[in-house]
Amino acid sequence: MVGTRTTSRLNDGIKKLLRDYWCGDARSKDASACGFNSIRADHAKEYVFQRIKEVVNHPKVLKELVELLKKK
């Protein structure tokens, strides 16, 4: 995934910054190279934070993750 930023002008003239993550292959080759082409950065951020909360709220899973990382 490749981060991108674009600026868009709203009807009232205000500029809005849009952040997305795009599949690198879709951007450089063909849109059909990936199962999905892009995701809004704010949606990706919320998804990641939700998954982190799930791990932190389950001590057994957190312990297993720490043990796995120690082995690397």
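Here are some notes:
- Residue by residue, the range 38-50 carries 3J(HN,Hα) couplings of 7, 9, 5, 4, 5, 5, 4, 4, 4, 4, 4, 4, 4 Hz when phi is fed to the Karplus relation 6.51 cos²θ - 1.76 cosθ + 1.60 (θ = phi - 60°); x denotes Gly or Pro.
- Rolling a 1.4 Å probe over the protein heavy atoms leaves GLU54 with an accessible area of roughly 90 Å².
- Heavy-atom accessible area ranking, 1.4 Å probe, most first, across TYR47, TYR21: TYR47, TYR21
- R0 of 25 Å, Cβ-Cβ distance ARG5-LYS53: FRET efficiency to nearest 0.05: 0.40
- Of the residues TRP22, ILE52, LEU10, the one whose Cα sits farthest towards the positive end of the charge dipole of the chain is ILE52 (charges of +1 on Lys and Arg Cβ, -1 on Asp and Glu Cβ, taken about the Cα centre).
- Rounded to the nearest 20 debye, dipole of the chain from Cβ charges on Lys, Arg, Asp, Glu: 280 debye
The values are calculated or read from the model by the stated rules, or taken from the named source; none is laboratory data. Everything numeric here is computed off the predicted structure, so don't read it as measured data. So basically every Cβ, Gly included, is an ideal-geometry build from the backbone, and we count neighbours across all protein chains shown. Remember, those area values only see protein heavy atoms, side chains included, never the ligands or the DNA or RNA. Shrake-Rupley method; radii C 1.70, N 1.55, O 1.52, S 1.80 Å.
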